[in-house]
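A.B. asks: Provided herewith is a single structure, encoded as structure tokens, for subsequent inquiry.
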Amino acid sequence: IDNFHELKLAKWIVNSCATMGMKKPTPIQKACIPAVLNGRDVIGSALTGSGKTAAFALPILHRLSENPYGIFALVLTPTRELAFQIAEQFQALGAPLPVRDCVVVGGLDLMKQSIELDRLPHVVIATPGRLAGLLNRPRPPKLSKLKFLVPDEADRLFEKRFSKDLSFIFSKLPTTRQTLLFSATMSYNVRQSKDLAVNEPFVWTNEGGETTVKKLVEEYLFMPMSVKPTYLYKVLDKVGPRKQPSGSPNAQEDDEELIK
Ligand code: AMP
């Protein structure tokens with residue numbers, strides 16, 4: 001399999017991928033997308049930068065476009081930042097629909113989120129605490145027609161501090177849904193996730209057991225809070241603007257070197 005079309009994704013999704021500079025599916029996408037489209041539950045051990053977000057977002061968008069309604073999919077993630085990143089990918093890849101998403105995380109106005117959820121967005125991306133809080137209020141969000149549950153970064157999600165909220169959230173979800181679980185490691189926490197009712201899942205693990213892709217360069221700068229914006233400006237200035245996916249002389253190179 002060498003392109004998204006062969007994965008039996010709708011044409012609009014293949015085009016959407018091309019617009020984003022995604023021409024060849026990554027290994028996790030090749031393995032998991034057909035399984036999801038076949039209605040299987042999936043457990044994927046996914047490296048950062050492996051393309052796992054698209055591995056679940058693309059087949060969800062495919063199914064959503066056949067019968068668009070809300071709330072269709074719920075993505076649970078341990079941090080606010082991840083929630084926003086996932087929402088961005090859904091927006092970008094689902095732009096032709098267009099997909100309506102809602103990020104449900106702490107630190108945002110509770111009433112506003114509640115009103116947004118009343119409008120039945122297609123995809124909800126949430127951290128456990130805030131979603132559990134909203135489910136506990138009068139007029140809780142309607143999750144009864146949910147088709148997909150995605151516990152993302154499950155090794156962190158299933159840490160003890162989230163367990164009460166997660167159990168409560170899971171108790172509100174229909175059991176007929178598909179569950180797509182992704183995790184950097186298949187830790188004890190993940191294997192203990194018995195509330196999840198995963199049904200004969202398709203399991204995908206990367207070989208080698210590393211937790212980041214080899215080409216990914218991770219660096220950090222330790223600094224006082226007050227100079228953070230200045231440092232950020234400097235770093236971004238050094239890295240330069242993102243390469244344009246199409247038409248750029250380096251487009252081919254971008255495909256091969258997924259993320260730097
Ligand atoms: P993730 O592992 O989901 O955090 O994805 C890492 C980055 O790779 C994201 O910026 C995606 O837009 C990008 N990406 C995902 N799949 C592909 C692909 N098949 N080809 C090129 N880039 C991709």
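A.B. asks: Return the total of residues in region 41-61 being surrounded by fewer than 19 Cβ atoms within 10 Å (Cβ to Cβ) and either modelled with pLDDT of 95 or more or small (Gly, Ala, Ser) (or both).
C.D. replies: Here the count works out to 1.
A.B. asks: Something else: Within region 63-71, identify whether any single residue is within 21 Å of LEU173 (Cα to Cα), surrounded by 17 or more Cβ atoms within 10 Å (Cβ to Cβ) and charged (D, E, K, R), and answer yes or no.
C.D. replies: Residues of region 63-71 within 21 Å of LEU173 (Cα to Cα): 63-64, 67-71.
Okay, now just the ones that are also surrounded by 17 or more Cβ atoms within 10 Å (Cβ to Cβ), so 63-64, 70-71.
Imposing the further condition that a residue be charged (D, E, K, R) reduces the set to 63.
Taking every residue of region 63-71 in turn, at least one turns out to be within 21 Å of LEU173 (Cα to Cα), surrounded by 17 or more Cβ atoms within 10 Å (Cβ to Cβ) and charged (D, E, K, R).
A.B. asks: Still on this model: Considering only region 69-124, how many residues are assigned to a helix (DSSP H, G or I), within 14 Å of the chain's Cα centre (by Cα) and not hydrophobic (A, V, I, L, M, F, W, C)?
C.D. replies: From region 69-124, those assigned to a helix (DSSP H, G or I) are 80-93, 110-118; that's our starting set.
Still in the running and within 14 Å of the chain's Cα centre (by Cα): 80-93.
Next, only the ones that are not hydrophobic (A, V, I, L, M, F, W, C) stay: 80-81, 85, 88-89, 91.
Final tally of qualifying residues: 6.
A.B. asks: Going by what's in this entry, would VAL190 be described as crowded, with 17+ Cβ neighbours inside 10 Å, in a loop (DSSP other than H, G, I, E, B), at pLDDT below 95 and not charged (D, E, K, R)? Spell out the reasoning first.
C.D. replies: Working: crowded, with 17+ Cβ neighbours inside 10 Å: yes; in a loop (DSSP other than H, G, I, E, B): no; at pLDDT below 95: yes; not charged (D, E, K, R): yes.
No; evaluated as a whole, the condition is false for this residue.
A.B. asks: Between SER65, SER50, which is away from the ligand (no atom under 12 Å from the Cβ) and of a type in the set (Ser, Thr, Tyr)?
C.D. replies: SER65 is the lone residue from the list that is away from the ligand (no atom under 12 Å from the Cβ) and of a type in the set (Ser, Thr, Tyr).
A.B. asks: A further question on this structure: Read through the list (1) touching a residue at least 60 places away in the same chain (Cβ under 8 Å); (2) out of contact with any Phe, Trp or Tyr (no Cβ under 6 Å at 6 or more places or on another chain), then give the number of the only condition that LEU180 fails.
C.D. replies: (2)
A.B. asks: Starting from region 127-145, keep only residues that are within 22 Å of GLU81 (Cα to Cα), then list their pairs with residues that are among the basic types (Lys, Arg) and not in a loop (DSSP other than H, G, I, E, B) whose Cβ atoms are within a distance under 8 Å, requiring at least 6 positions of separation or different chains.
C.D. replies: THR127/ARG80; ALA132/LYS164
A.B. asks: Here's a follow-up. Restricting to region 1-47, count the residues that are within 12 Å of the ligand (Cβ to nearest atom) and without any contact (Cβ under 8 Å) to a residue 12 or more places away in the chain.
C.D. replies: Residues flagged as within 12 Å of the ligand (Cβ to nearest atom) and without any contact (Cβ under 8 Å) to a residue 12 or more places away in the chain within region 1-47 amount to 1.
A.B. asks: Another question, if that's okay. Given the criteria within 21 Å of the chain's Cα centre (by Cα) and either acidic (Asp, Glu) or buried (at least 16 other Cβ atoms within 10 Å of the Cβ) (or both), does LEU131 qualify?
C.D. replies: So LEU131 passes the test.
The values are calculated or read from the model by the stated rules, or taken from the named source; none is laboratory data. Treat the numbers as computed from the prediction; the structure is a model and nothing was measured. As a convention, Cβ positions derive from the backbone with ideal geometry for all residues, glycine included, and neighbour counts pool all protein chains shown.
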